[in-house]
1. So A:R21 clears everything in (1) away from chain B (no Cβ under 12 Å); (2) over 26 Å from the mean Cα position of the chain (by Cα); (3) surrounded by 13 or more Cβ atoms within 10 Å (Cβ to Cβ); (4) within 15 Å of DNA strand C (Cβ to nearest atom) except one condition, right? Which one?
2. Considering (1) more than 13 Å from DNA strand C (Cβ to nearest atom); (2) closer than 24 Å to B:G61 by Cα, say which one A:T10 fails and leave the rest.
3. I'm trying to understand the selection: among the residues of region A:43-56, which are away from DNA strand D (no atom under 12 Å from the Cβ) and not small (G, A, S)?
4. Within region B:77-107, track down each residue that is facing chain A (nearest Cβ under 9 Å) and modelled with pLDDT of 75 or more.
5. So if I check each of B:T110, B:T140, which one is among the hydroxyl-bearing types (S, T, Y), more than 19 Å from B:S223 (Cα to Cα) and more than 14 Å from the chain's Cα centre (by Cα)?
6. As an exercise: evaluate A:A59 against (1) part of a helix (DSSP H, G or I); (2) touching a residue at least 12 places away in the same chain (Cβ under 8 Å); (3) out of contact with any strand residue (DSSP E or B) (no Cβ under 7 Å at 6 or more places or on another chain); (4) away from DNA strand D (no atom under 11 Å from the Cβ) and give the number of the one condition it does not meet.
7. On the basis of being crowded, with 20+ Cβ neighbours inside 10 Å and farther than 13 Å from B:F15 by Cβ, does B:I73 make the cut?
8. What number of residues within region B:103-132 are over 20 Å from B:M195 (Cβ atoms) and surrounded by fewer than 18 Cβ atoms within 10 Å (Cβ to Cβ)?
Protein chains: 2
Amino acid sequence: MNKEQKRISTPEILFQKMLNRIQSGEWKIGNAIPSERILMVEFGTSRLAIREALSMLRALGVLETNQGQGSIIRNLDTEIIGRLFPLLFSLEGDKTLEHIYQVRLAIESTTASMAALNRNENDLKNIKKTLQLLRTQIETDIEASIKTDLEFHIQIARATHNPLFPLLLETIASFVSYVQILSCKDNPQKKHKAMVYHESIFEAIQNQDSERARSEMESHLRSSANRMIKTGIII
Amino acid sequence: MNKEQKRISTPEILFQKMLNRIQSGEWKIGNAIPSERILMVEFGTSRLAIREALSMLRALGVLETNQGQGSIIRNLDTEIIGRLFPLLFSLEGDKTLEHIYQVRLAIESTTASMAALNRNENDLKNIKKTLQLLRTQIETDIEASIKTDLEFHIQIARATHNPLFPLLLETIASFVSYVQILSCKDNPQKKHKAMVYHESIFEAIQNQDSERARSEMESHLRSSANRMIKTGIII
DNA sequence: ATTTCAAAATTGGTAAGACCAGTTGGTGAA
DNA sequence: TTCACCAACTGGTCTTACCAATTTTGAAAT
């Protein structure tokens, strides 16, 4: 029983038309698009429909709007993927701590290795700075050090010069940070151990030793994963 | 000179709030959300703002709306993400492609290895069936074989028994399926080569040889990534 | 009592008009 | 010339009204 074609609403049509204009180059990236009032007469529709279509473009990250100025077309990079990842992950059930760590292991053993090959001096400087911050925080402010720890890993991901890796990592990590806080407290021995790993990873990346970077990262993650899973803390 | 915080518009806020409701499970997938009139009083805002927020959700594919019925929360299928791909072509089309392949490599070299260790007989049966289907399709129906190819990779990801891997892979892969269709046409030699890799990967998983599974998968992906990037196919 | 079917109520879709809130640029005063 | 202020843009929001599709209701016919 073939249902009728679903009526396509006006904003939907406008959305498609605008998308076409962008793809065809009629609306160039970086340039401003006509004002809502103008679009209104141009498309022969109400402002409401225009605004809803623009909202859709905004939701996708193709459009950036500022009051008083207008809207400009943005270059839609891989950021959109990052925007959708959290949604995908939260809607799908069944995340155990172990699952998350397996993914993290897959991602980070690669980022460590790639970072060792692709890092430039600036990357190195950033990672080093974060590492130093971590070194002091780990003795004083546990909660802050968790954040810095994540930042350290993200810095490494950035050094791959593939924007997807930091995005992915942030998404994944948002699921575990809570646990880390509970786990790391009052465990000076473990803290020290983690710090040693961090230093080793940094060294390997500095020396562009991709294999060692990968294996140190693996050991680091495995050890912290084990610790947490053993303590039985589930998110 | 720190710019003021950009004013966040009402629809934007509503969008976030609604997203939270979805993620928190207050609005369940498959269920209808309250009508626009009700949301209007609930959030204490005008219907316009509500509608713009709903438009954003629609644009992301999390909401499906039908006149006279209302709106229901959709499970965000990874397919919709693939639809966005044509948007991220502009300047960095090939670079984006490369980035995606790097992530795929990170994920799949791990899934192959893990699958070799964790697969059970049922997994094996599924993979084998898909592989056989692929063998026949690759001679006859290219388009279908692209889908089956992806299915093969996802089967492997499933065999890790970590649900995050297939999810991740689907997301990533949905971006490239477009390209593959264009790329694989009329290239019997490459098709054969890909098939050989597939067989090898399967063998390794069957024999629970995790190291070989990893390396075969790596070679496979590298070779197909190279092919596509070299041919310079941009959508 | 059950079935049927048309009217009513409910849902989203669209329009028009008014006004608020930032930004820009021009114009007049210092 | 320089500075301050005031239009005239821009998007942001609300109200009201009405259209269109669907579902629900309830009364009439069986």
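1. Unmet condition: (4).
2. Condition not satisfied by A:T10: (1).
3. Once the filter is applied, which keeps residues that are away from DNA strand D (no atom under 12 Å from the Cβ) and not small (G, A, S), region A:43-56 yields A:F43, A:T45, A:M56.
4. Across region B:77-107, the qualifying residues are B:E98, B:H99, B:I100, B:Q102, B:V103, B:L105, B:A106, B:I107.
5. B:T140
6. (2)
7. For B:I73, the condition - crowded, with 20+ Cβ neighbours inside 10 Å and farther than 13 Å from B:F15 by Cβ - is met.
8. Within region B:103-132, residues that are over 20 Å from B:M195 (Cβ atoms) and surrounded by fewer than 18 Cβ atoms within 10 Å (Cβ to Cβ) number 5.
The values are calculated or read from the model by the stated rules, or taken from the named source; none is laboratory data. Fair warning: this is a prediction, and the values are worked out from it, not measured in the lab. Quick reminder, even Gly has a Cβ in these numbers, built from the backbone with ideal geometry, and neighbours come from all protein chains shown.
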